[in-house]
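The values are calculated or read from the model by the stated rules, or taken from the named source; none is laboratory data. In this text the structure is predicted, and so the values were computed from the model without any measurement. Because the Cβ atoms are built from the backbone with ideal geometry, glycine has one as well, and the counts that use them run over all protein chains shown. Areas reflect the complete protein model, heavy atoms only, side chains present, ligands, DNA and RNA absent. Shrake-Rupley method; radii C 1.70, N 1.55, O 1.52, S 1.80 Å.
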Amino acid sequence: QVQLVESGGGLVQAGGSLRLSCAASGRTASKVGVGWFRQVAGKDREFVASISWSGGATFYADSVKGRFTISRDNARNTVYLQMNNLKPDDTAVYYCSAVEFGLPTQNSSQYWGQGTQVTVSS
């Protein structure tokens with residue numbers, strides 16, 4: 001079992017930055033692939049970024065490429081999502097997820113955090 005706790009959300013003006021953290025705990029916490037997803041009320045949850053357990057592979061949604069950076073510190077069992085040049089369209093609840101093999105997708109994610117709200121004002 002892996003437990004995930006997100007933090008770092010908040011209110012920021014357009015063009016600003018936030019860094020989200022996803023702290024993992026559990027026996028296999030340092031060996032899981034981790035992803036970030038986001039959801040706006042009334043819409044489907046969408047993929048944002050993912051990172052392999054080693055940190056050697058990262059993937060991004062086209063909408064965030066060049067603005068968001070995913071990274072991990074396995075000594076702290078924490079994955080980060082650095083979000084720069086934020087836009088109002090980035091407003092959503094951000095969730096981290098994990099999977100014990102490979103990279104998480106909407107369907108393959110085995111573990112989910114509770115989410116953290118990000119609001120970008122124009």
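The residues of the range 101-122 that are assigned to a loop (DSSP other than H, G, I, E, B) and open to solvent by less than 60 Å² (accessible area, probe 1.4 Å), listed by number, are G102, L103, P104, S108, S109, G113, G115.
Just one of (1) over 14 Å from the mean Cα position of the chain (by Cα); (2) open to solvent by less than 40 Å² (accessible area, probe 1.4 Å); (3) of a type in the set (A, V, I, L, M, F, W, C) fails for A75. It is (2).
The number of residues in the range 14-36 that are in a strand (DSSP E or B) and within 12 Å of V118 (Cα to Cα) comes to 3.
Among residues that are over 16 Å from Q110 (Cβ atoms), more than 12 Å from the chain's Cα centre (by Cα) and open to solvent by 20 Å² or more (accessible area, probe 1.4 Å), Q13 is included. Residue pairs whose Cβ atoms lie under 8 Å apart, separated by 6 or more positions or on different chains, with the first residue in the range 111-122 and within 12 Å of L20 (Cα to Cα) and the second part of a loop (DSSP other than H, G, I, E, B) and open to solvent by less than 50 Å² (accessible area, probe 1.4 Å), are T116/G8; T116/G9; Q117/G9; V118/G9; V118/L86; V118/T91.
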